[in-house]
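Accompanying notes for the structure given below.
The values are calculated or read from the model by the stated rules, or taken from the named source; none is laboratory data. Values in this document were obtained by computation on a predicted structure and should not be read as measured data. Here the Cβ positions follow ideal geometry from the backbone for every residue, glycine too, while neighbour counts run over all protein chains shown.
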Amino acid sequence: MNALPPSDDKPLAGWRLNLYTIIFEADTRAGRLFDQCLIGAILLSVLVVTLDSVSSIQARFGFWLSVLEWCFTIGFTAEYILRLLCVRHPWRYATSFFGIIDLVSVVPTYLALVVPEAHFFIDVRILRLLRMFRVFKLTSYVTEYTALGRALMASRRKIAVFLSFVLMVVLIMGTLMYVVEGPEHGFTSIPTAMYWAVTTMTTVGFGDITPKTDLGRFIASLMMLLGWGVLAVPTGIVTSEMTAQRLPRVTTTRSCHECLTEGHLPEANFCRHCGARLPEYQREG
């Protein structure tokens, strides 16, 4: 007799399927309401962390900010547990990008309880700052984040070539300015001159190092003008990729129970990523 498959490999059904549809998809009324409430909670929790860093506000409302923080932490912990309960492969979700973000968003609050505030430990406030990772949870609820991610991945080779060109220009121009201006004008080494080239090309221009000779100022002017073109190149690359990927199709949050890939067409029968059979599409107007 064949052995029974592990419980994690059983198709989702009953309350697990309903819970999965609510938490991981947003094409039903309950799913949309869950996502809207979760987005609001994420933004409010980040606001609480931000306000808690202001000493005057923390002195007056520190207790209530702490209460709110624990409410958000308990809520996000419950959400994380529910996600693990309703997916077919909990470990696969726990080790995914969004699973790690969900975990990192709640761990610091608990960790701050057990790490003593001794002089040989890092200040617990540093652990509290990790709660700002909750803002990354928003990326799983906005379709445009996915589109931007796909465009960046498709453009990675072009962007890498572009960055290598920028680095070559920075190295050459920094070396040239080191030769032209010299240590007496602040260009004490080639790395320092390269730092000046980066700030000049990116149009930041801190002004802590400036050329004093006419030739140096001419080179700096060329670097500033070149900076305008440099800023436009990556924007054009990513924009062209996003335009190329803008195909007329119905956007859904329908996701695969096996690999959690989202965005399948309503009429699709199999996952476009792993090939697993998709469950029946659930949608409400």
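A few comments on the model shown:
- The numbered conditions (1) at pLDDT 85 or above; (2) over 21 Å from the mean Cα position of the chain (by Cα); (3) of a type in the set (D, E, K, R) are all true for GLU79 except (2).
- Qualifying residue in the stretch 123-133 (condition: modelled with pLDDT of 80 or more, under 24 Å from the mean Cα position of the chain (by Cα) and surrounded by 17 or more Cβ atoms within 10 Å (Cβ to Cβ)): no
- Considering the stretch 233-261, and only residues there that are modelled with pLDDT of 80 or more and of a type in the set (A, V, I, L, M, F, W, C), the residue that is surrounded by the fewest Cβ atoms within 10 Å (Cβ to Cβ) turns out to be CYS259.
- Residue count, the stretch 208-231 (criterion: touching a helix residue (DSSP H, G or I) at 6+ places or on another chain (Cβ under 9 Å), farther than 21 Å from PHE162 by Cα and not hydrophobic (A, V, I, L, M, F, W, C)): 6
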